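Worksheet for the structure shown next.
The values are calculated or read from the model by the stated rules, or taken from the named source; none is laboratory data. As the structure is a computational prediction, the values presented were derived from the model and not from experiment. A quick note on method: Cβ atoms are made from the backbone with ideal geometry, for glycine too, and the neighbour counts reach across all protein chains shown. Accessible surface areas use protein heavy atoms only, side chains included; no ligands, DNA or RNA. Shrake-Rupley method; radii C 1.70, N 1.55, O 1.52, S 1.80 Å.
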Amino acid sequence: MSKKHVSRKLKSAWRKHIDISDVDQFLEEQRQDERIGGRIADKPDQELFSEEKRPAKAKTTLRELRRNKFGELPRSLLPLVNTSNVSDPVVKRNVKKSRVTLAPVAPVASVRFRKRGRPSGIAKPTQEDLWAKETPVPGELQNEWIAKELVHHTLAHTGKPLVTNLPARMDPEQRRVPLRKRLPAEGLSYNPAIDDYLELKDKLVKEEKKIIRHEEHLDRVLTSKLGKMTPEERYRTAISEMSEGLLKPDKNNQSEEEEDEKKKDEEEEEKPVVVAKAKKRISKAKKRARMLQHKEEKLLEQELHKLVEIDRVEEIAAEVEQEVQQTQRKAEYRVRKRKAMRAKLDLPIDFVEPEKLSGSLRTIEPLNNLLATGLPKVRKVSILKRTRAEVERKMRRIPTKRYTRSSHKEPMLPPTKPAKRAK
């Protein structure tokens with residue numbers, strides 16, 4: 001192509017129309033080589049390549065790759081990362097730090113499930129420090145002057161034995177029985193722990209306080225708001241009520257009653273008298289015709305009602321069935337409610353005061369309460385829920401059939417013919 005003639009009169013025209021791209025490319029390549037550290041073609045092979053007899057790092061397994069992914073930044077947060085090569089123009093920037101200082105969290109050790117090998121007779125050492133555990137021995141007994149036997153004796157008699165389930169001190173039959181199925185032998189005294197006793201005591205105190213508060217509330221709401229009468233006032237009112245009409249009335253009271261009667265008579269006289277209009281006389285034939293028409297209308301209405309009811313037979317049967325089901329449901333609900341109320345009957349707490357607890361068990365007074373002492377008698381009168389065996393025993397009836405011996409059978413008489421009536 002022929003080059004276009006351009007004027008190169010001024011310096012700006014020379015700069016505009018002279019091609020210097022090859023010079024720029026040469027200078028850019030030279031600058032890049034200086035950044036790398038010289039031209040690669042000029043460097044020897046020893047500097048560019050190195051020979052490794054053994055790999056410095058083992059090849060990462062698939063499990064390690066998956067584990068390393070947990071430490072990487074999630075893909076959802078990658079757009080928030082600043083990937084720009086431009087440095088921050090503000091050199092000294094105030095970064096707001098949160099005032100809440102978080103404690104450094106230790107990295108969670110990865111759990112590996114390995115296959116179990118053959119069991120060896122050597123027990124592996126435990127990682128935790130056995131001596132660092134807190135002992136159940138209270139601080140008063142942690143003393144060098146208190147012997148070990150004394151500590152065991154004290155804790156065993158306070159309900160918190162230090163050594164429990166020791167097979168050497170058990171009966172041979174009880175050693176192989178699981179702990180949850182093991183029961184105390186008959187006749188052994190039960191000494192509960194002091195904490196359990198105090199907890200029972202607190203529970204009883206709470207219930208008593210609740211009852212007292214309820215009584216105070218009733219006194220405040222009902223008793224204090226009702227009027228109170230002294231015995232003298234009550235006697236006077238009783239006498240006046242019983243002697244009503246027996247004693248002679250006073251003259252003053254009689255005169256007041258007469259005045260009231262006069263006032264009532266005057267008010268009745270002042271009322272205007274309303275004269276009723278005279279009714280037209282109706283003949284007997286017309287009256288009879290009206291009565292017959294009224295009867296016919298009533299009979300027609302009854303017949304129409306019957307026809308409507310005959311058409312609604314299915315609906316009426318469905319309504320009756322629905323009512324029967326509803327009554328059955330109500331009866332079942334009442335039975336369930338009655339059973340639930342019987343089951344909800346709370347027995348009083350069997351608590352013995354500390355003053356009565358010391359000494360022989362024969363000196364402890366029993367609770368003088370029907371629910372606590374007379375349960376068998378109460379069950380008999382069905383105040384409390386009876387046991388299932390008692391109910392089944394009462395309901396079960398063995399079907400019996402009576403037979404009579406042939407020697408004791410009475411002979412069947414032939415049927416008597418009816419006597420003919422006299423004509």
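Can you name every residue in the stretch 142-160 that is in a helix (DSSP H, G or I), open to solvent by less than 100 Å² (accessible area, probe 1.4 Å) and over 20 Å from Tyr197 (Cβ atoms)?
The initial filter retains those residues of the stretch 142-160 that are in a helix (DSSP H, G or I), namely 148-157.
Imposing the further condition that a residue be open to solvent by less than 100 Å² (accessible area, probe 1.4 Å) reduces the set to 150-152, 154-156.
Selection gives Leu150, Val151, His152.
Inside the stretch 67-79, can you point out the residues that are surrounded by fewer than 10 Cβ atoms within 10 Å (Cβ to Cβ) and assigned to a helix (DSSP H, G or I)?
Step one: of the stretch 67-79, the residues surrounded by fewer than 10 Cβ atoms within 10 Å (Cβ to Cβ) are 69-77, 79.
Matches in the stretch 67-79: Lys69, Phe70, Gly71, Arg75, Ser76, Leu77, Pro79.
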Query raised in the report: For Ala285, are the conditions met, namely being out of contact with any Gly (no Cβ under 9 Å at 6 or more places or on another chain) and not in a helix (DSSP H, G or I)?
Result: no
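Here is a yes/no grid of residues against (1) surrounded by 10 or more Cβ atoms within 10 Å (Cβ to Cβ); (2) at pLDDT below 65; (3) acidic (Asp, Glu); (4) assigned to a loop (DSSP other than H, G, I, E, B):
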position: Ile310; (1), (2), (3), (4): no, no, no, no
position: Glu314; (1), (2), (3), (4): no, no, yes, no
position: Glu321; (1), (2), (3), (4): yes, no, yes, no
position: Val324; (1), (2), (3), (4): yes, no, no, no
position: Gln328; (1), (2), (3), (4): yes, no, no, no
position: Arg334; (1), (2), (3), (4): yes, no, no, no
position: Met341; (1), (2), (3), (4): yes, no, no, no
position: Ala372; (1), (2), (3), (4): yes, yes, no, no
**Report entry** Qualifying positions in the stretch 39-66 - farther than 25 Å from Glu29 by Cβ and either in contact with a Gly (Cβ under 6 Å, 6 or more places away or on another chain) or open to solvent by 90 Å² or more (accessible area, probe 1.4 Å) (or both)
**Finding:** Ser50, Glu51, Glu52, Lys53, Arg54, Pro55, Ala56, Lys57, Lys59, Leu62, Arg63, Arg66
Report summary line: From the option list Lys306, Lys298, Lys284, Lys279, single residue qualifying as under 60 Å from the mean Cα position of the chain (by Cα) and open to solvent by 100 Å² or more (accessible area, probe 1.4 Å) is Lys306
Query raised in the report: Between a first residue in the stretch 19-46 that is on the phi < 0 side of the Ramachandran plot and a second residue that is open to solvent by 100 Å² or more (accessible area, probe 1.4 Å), which pairs have beta carbons less than 8 Å apart while being 6 or more apart in sequence or on different chains?
Result: Asp33/Arg39
Query raised in the report: When you go through Lys206, Lys201 one by one, which is the residue that is at pLDDT 75 or above, open to solvent by 90 Å² or more (accessible area, probe 1.4 Å) and within 30 Å of Glu353 (Cα to Cα)?
Result: Lys206
Query raised in the report: If you scan the stretch 188-198, which residues turn out to be surrounded by fewer than 11 Cβ atoms within 10 Å (Cβ to Cβ) and more than 16 Å from Asp350 (Cα to Cα)?
Result: Leu188, Ser189
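Anything in the stretch 39-93 that is of a type in the set (Gly, Ala, Ser) and within 59 Å of the chain's Cα centre (by Cα)? List them, or say none. I'd like the intermediate steps shown before the answer.
Residues of the stretch 39-93 of a type in the set (Gly, Ala, Ser): 41, 50, 56, 58, 71, 76, 84, 87.
Result: Ala58, Gly71, Ser76, Ser84.
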